[in-house]
Amino acid sequence: MTLYHEIATKIQALITAEVYPPGTRLPGVRRLSQQFNVSISTIVQAQRQLEDYGLLSARPRSGYYVCVPPQPPAALPTSLQQDMQPTAVTGQALVLQLAKATSQPDFIQLGAAVPDAALLPLRALQRSMNTSSRHHNLQAAAYAFPPGVSELRSQIARRMLLSGCQVSAQQILITSGCQEALMLALQTVAKPGDTIAVESPTFYGLLQVIEALGMQVLEIPTDPHTGLSIHALELALEQWPVKACVLIPNYSNPLGCLMPVVRKQQLVALAQRHAFTLIEDDVYLGLGFDGHYPPALLGLEQQHLQQASNTPSTPTQRMPQVIYCSSFAKTIAPGLRVGWMVLPPQHYPRAEYLKYVNNLATPTLPQLAVADFLQRGGYERYLQRIRPHYRQLTERFAQAISQYFPPDTRISRPAGGFVLWVELAEPVDTLQLAQQALQHRISIAPGVIFSARQKYQRCIRINCALPWTDSVASGLKKLGHLCKAMSPAESSQP
Ligand SMILES: Cc1ncc(COP(=O)(O)O)c(C=O)c1O
């Protein structure tokens, strides 16, 4: 990160903390340069960057002012009250087609939920890669058979304390990303034909895994603010033999919501009562906008079991049901393919064996490099810088969408991560919209791929992890025009 980026992040933090509330004038460049002990030109660059993010606006001969956020925010997307019925997943091959069509560098990448390289800690990662290949050249060239590099597992075990999970390095299995962790978790606990409950809408990669494993998916209504409906899941459990429930309780993809702690506790208790597996996808770990680490289902289950074991009237010994999955794809680099999972003792040996059968091992050098990066402490510093940045970016994107898209467009209000879920008021076919957008070198993720039953035709997911530039702003404007042109009200105009 350059010096002016650093200063911009510091000023941004002061704005977020309302040291400089909306509408106030920022101190002059000379004062700021003394305050931060940097040159005037660094301050000017930092201010320009904050202006690009929509945080500051320049007034001629007066200076920079903190922008007032637009009022009121757009309404939240609706939660579909759907008929719940297990179904086979189909049509997910489309995702690969879209991924290929959009992996070109000159596209405005609003489709995949992947941070732009400019926002990732790549310089620090490079240093850790160099150090690891120098100091561990023999180890780096060898297989790191499951469970994976032990230094990395110890570092991860320490970080998991932040989410309230007491985990030993021996309970952690390193995987090639969170996607592989999800695959292994499902392969371990379920077989083809079994029913798997998921949030609706949910991450399409999960639907692809369920499709590939020949399992059935049961979509559970999900509130854009509080997450998966526990009540609906309870009803589903009475009707269907649900083997596992896979969910993203923290900053879900695509809704960005954070499940409240009480609901998480209810969910853990439900899994205990009905003995089904809870697969927790925590890939946005560390990206909460408020800077806190919400408790993971895994940690809450540990507390639940502890309390149950202290209660003499508990009838039988209870088994842990949570399998935890995460990765560094969203916070260090997706191409490293370093993820991990934590499994209860009854499932660990099978998952470890399946990991070995799938691909023998996750590459060693990326594991050593991530361990080095975590050990140096640079990771937490990076997260502290990037969280407010993603918050500002998602707000900036939402503001532009409200401005350019058709009236009454609904937009999610994520509590973390960096994606927005956008629902159009009119029945626009967003799959067609995605194809039209590709012709303008803009990628988006159409709503249908977030459901096994191709719901959410009028929704799209927008990735906001891109530096705010003129081309991003005009890309959103173009998308807004395309939506307006496709909306029935517009096309029926004479
Ligand atoms: C919710 C969720 N889970 C899993 C993944 C896959 O992560 P990885 O790249 O670590 O395999 C993603 C990536 O987009 C995701 O958004």
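Odds and ends about this structure:
- Normalising the average separation of contacting C-alpha pairs (under 8 angstrom, six or more residues apart) by the number of residues puts the relative contact order of region 356-429 at 22 percent.
- In a simple Cβ point-charge model (Lys, Arg +1; Asp, Glu -1; nothing else charged), region 3-66 has a dipole of about 300 debye relative to its Cα centre.
- Amide N of region 422-462 lying under 15 Å from the label point, which is placed 7 angstrom from the Cα of Ser474 along Cα→Cβ: 440-442
- Annotation: aspartates and glutamates with alpha-carbon distance below 15 angstrom to Lys478 (same-chain offsets under eight excluded): Asp470.
- Prolate/oblate/rounded label for region 138-193 (Cα gyration tensor, a/c 1.5): oblate
- Backbone phi angles across region 57-65, fed through the Karplus curve with coefficients 6.51, -1.76 and 1.60 (θ = phi - 60°), yield HN-Hα couplings of 10, 8, 10, x, 6, 10, x, 9, 10 Hz in residue order; Gly and Pro are listed as x.
- Ellipsoid fit via the Cα gyration tensor, region 3-66: semi-axes of 16, 13, 11 Å, each the root of five times an eigenvalue, largest first.
- Assigned charges on the beta-carbon of Lys, Arg, Asp, Glu; the chain dipole about Cα centre (debye): 1340
- Principal axis extents of the C-alpha atoms in the chain (largest first, rounded to whole Å): 74, 66, 46.
- Considering only Asn253, Gly291, Gln303, the residue lying farthest towards the positive end of the dipole of region 249-354 is Gln303, judged by Cα position with unit charges set on Cβ.
- Mean sequence separation of contacting Cα pairs (under 8 Å, at least six apart), scaled by the length of region 3-66, corresponds to a relative contact order of 41 percent.
- Ala142-His274 FRET efficiency (beta carbon distance; Förster radius 45 Å; 0.05 resolution): 0.55
- Placing +1 on the Cβ of every Lys and Arg and -1 on the Cβ of every Asp and Glu, with nothing else charged, gives region 123-379 a dipole about its Cα centre of roughly 800 debye.
- For Lys191, the lysines whose Cα falls under 25 Å of its own Cα, not counting residues fewer than eight places away in the same chain, are Lys243, Lys355.
- Helix-derived mean residue ellipticity, 222 nm - over the chain, DSSP H n ≥ 4, -39500 (n - 2.57), to 500: -13500 deg cm²/dmol
- Ranking of Asp282, Asp429 by count of other Cβ atoms within 10 Å, fewest first: Asp429, Asp282
- Dipole-positive endmost among Ser39, Ile7, Pro60 within region 3-66 (Cβ charges, Cα centre): Pro60
- Given charges at Cβ of Lys, Arg, Asp, Glu: the chain dipole, positive-most of His135, Thr226, Gln155: His135
- Across the chain, C-alpha contacts under 8 Å between residues 6 or more apart give a mean separation that, scaled by the residue count, equals a relative contact order of 22 percent.
Just so you know, all these numbers are worked out from the coordinates, no wet-lab data involved. None of the values given here were measured: they were computed from a predicted structure. A quick note on method: Cβ atoms are made from the backbone with ideal geometry, for glycine too, and the neighbour counts reach across all protein chains shown.
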